[in-house]
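The structure appears right after this line, and notes come after that.
The values are calculated or read from the model by the stated rules, or taken from the named source; none is laboratory data. This is a predicted model, so every value here is computed, not measured. All Cβ positions, even for glycine, are placed from backbone atoms using ideal geometry, and neighbour counts span all protein chains on display.
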Amino acid sequence: MTYIIREAQPQDTKEISNFVSRRTGKTISPLHIENRLHFIRDNPDESLYVYEEENQILGTLGFRIRKADDAVVKFSEISVISMEETNSRQAAADKLKSYAEQLTQEHSCSGMWWITGSEINGDSRNAQQPLGFHETGYRFVKRFL
């Protein structure tokens, strides 16, 4: 299957909005996605990537660099990975994980934080635990969307 991973563009807002809404079961407006892309554009330490097959967005990857005050230690934070349920779901997830590791190395980060969230299928944490990672605790999240 031909695929591409690329940075999200303003013209992707409607499709990303629909995609995220389907995955979370909550309505996310295109304006919310557009505002997020504006914020990312003004922040060099944040990026949003899309995974496409046959010109259809099937996944997203949020990438953020976290720095210590002295900027010597940097970690990448993979804050969003969502995949549509497809036959190639695991292969696509593996491609996004590899891409995230590549970005981490390109930015000379000391390591990676992998942030997972609850998704519709409820088993994302167990099914998507990345190879080579170990659990260090949990974040408590209060969602407003």
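The table below gives the values:
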| item | result |
| --- | --- |
| Considering residues of segment 21-69 that are out of contact with any strand residue (DSSP E or B) (no Cβ under 9 Å at 6 or more places or on another chain) and among the small types (Gly, Ala, Ser) only, the residue surrounded by the most Cβ atoms within 10 Å (Cβ to Cβ) | Ser21 |
| Yes/no for Ala92 being free of Cβ contacts under 8 Å to residues at least 60 places away in the same chain and out of contact with any Pro (no Cβ under 7 Å at 6 or more places or on another chain) | no |
| Enumeration of residues in segment 34-57 that are in contact with a helix residue (DSSP H, G or I) (Cβ under 8 Å, 6 or more places away or on another chain), under 20 Å from Ile78 (Cβ atoms) and touching a residue at least 24 places away in the same chain (Cβ under 8 Å) | Leu37, Ser47, Leu48, Tyr49, Val50, Tyr51, Ile57 |
| All strands (runs of 3 or more DSSP E) inside segment 1-110 with 2 or more residues being aromatic (Phe, Trp, Tyr) | 46-53 |
| Positions within segment 1-38 being among the acidic types (Asp, Glu) and within 13 Å of Gln56 (Cα to Cα), in sequence order | Asp12, Glu15 |
| Filter pass, Arg22 being in contact (Cβ under 8 Å) with a residue 12 or more places away in the chain and among the charged types (D, E, K, R) | yes |
| Residue ID - nearest to Val20 (Cα to Cα), chosen from residues in segment 92-122 that are aliphatic (A, V, I, L, M) and modelled with pLDDT under 90 | Ile120 |
